[in-house]
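The values are calculated or read from the model by the stated rules, or taken from the named source; none is laboratory data. This is a predicted model, so every value here is computed, not measured. Cβ placement follows ideal geometry from the backbone for every residue including glycine, while neighbour counts extend to all protein chains displayed.
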C-alpha cells in the first residue's frame, strides 16, 4: 500500500503524486490564519515531472497525496540524434531513449559517459536528474585584460565543450577543466 503525504508535511525537493501525476516540490509556503477556525493553507510551487511545467497551487493543510511510484535508475549518456537522447542503464545495460521535452536544458551539461539518474514513473522513463555539478572543458574564453578586477569585472564569458556559455574567473584559460553547478550554471572553479 502506498504511503500518504499530508500537504502540511511537504518540503522542498520532495516528490508527491497529485491527480495521478508525479510532481516535485520546488518551494513551499505555509500560511496560518489569525482568526479562530481558519484553515492553514499550504502554497506549493511544483513541477510536473511528465510535462516539466512549473506552477503554483494552494492546498489545505489536511489534504493528502500518494507517494509516487518513482524510481531513480543510474544511467550513462551515450549520444543524441533525431530520435532523442540515448542513455545506457548501468544495472540492466539496456538503452533508454528520452525525447527532447523530457530533458529540458540537461543537454547543456551532458558529455559522453556522463552519469545521471533516469526518473522512471510506473516503469516508464519520464525525465532525468543531473548530478549537482559536472566537470567540463573550456573551449573558448575571452582574454582577461589587466586592470579588469579594478573595474569590478572579475568574471569573463567562456564557452564549454557542450556549447553552453557560462561566466568564469578571469584566470581560467582555454583547455582547462572547470566544475559547473548544474542548477545555477555557476562556475565553482578549476578541477
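The set of residues in region 162-185 that are more than 16 Å from residue 110 (Cα to Cα), in contact with a strand residue (DSSP E or B) (Cβ under 8 Å, 6 or more places away or on another chain) and assigned to a loop (DSSP other than H, G, I, E, B) comprises 170, 172, 173, 174, 175, 176. Only strands (runs of 3 or more DSSP E) whose full extent lies in region 10-70 are considered here, and the ones with at least 1 residues that are in contact (Cβ under 8 Å) with a residue 12 or more places away in the chain and under 22 Å from the mean Cα position of the chain (by Cα) are 15-18, 21-31, 41-48, 54-60. Scanning region 129-138 for residues being touching a helix residue (DSSP H, G or I) at 6+ places or on another chain (Cβ under 6 Å) and either more than 23 Å from residue 189 (Cβ to Cβ) or assigned to a loop (DSSP other than H, G, I, E, B) (or both) gives a total of 1.
So that you can scan it fast, the table gives a plain yes or no per residue for (1) farther than 17 Å from residue 121 by Cα; (2) loosely packed, with under 12 Cβ neighbours inside 10 Å:
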| residue | (1), (2) |
| --- | --- |
| 22 | no, no |
| 25 | no, no |
| 29 | yes, yes |
| 33 | yes, yes |
| 36 | yes, yes |
| 41 | yes, no |
| 44 | yes, no |
| 52 | no, no |
| 57 | yes, no |
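Could you say whether any residue in region 141-149 is farther than 20 Å from residue 82 by Cα, in contact with a helix residue (DSSP H, G or I) (Cβ under 8 Å, 6 or more places away or on another chain) and at pLDDT 85 or above? Within region 141-149, none of the residues are farther than 20 Å from residue 82 by Cα, in contact with a helix residue (DSSP H, G or I) (Cβ under 8 Å, 6 or more places away or on another chain) and at pLDDT 85 or above.
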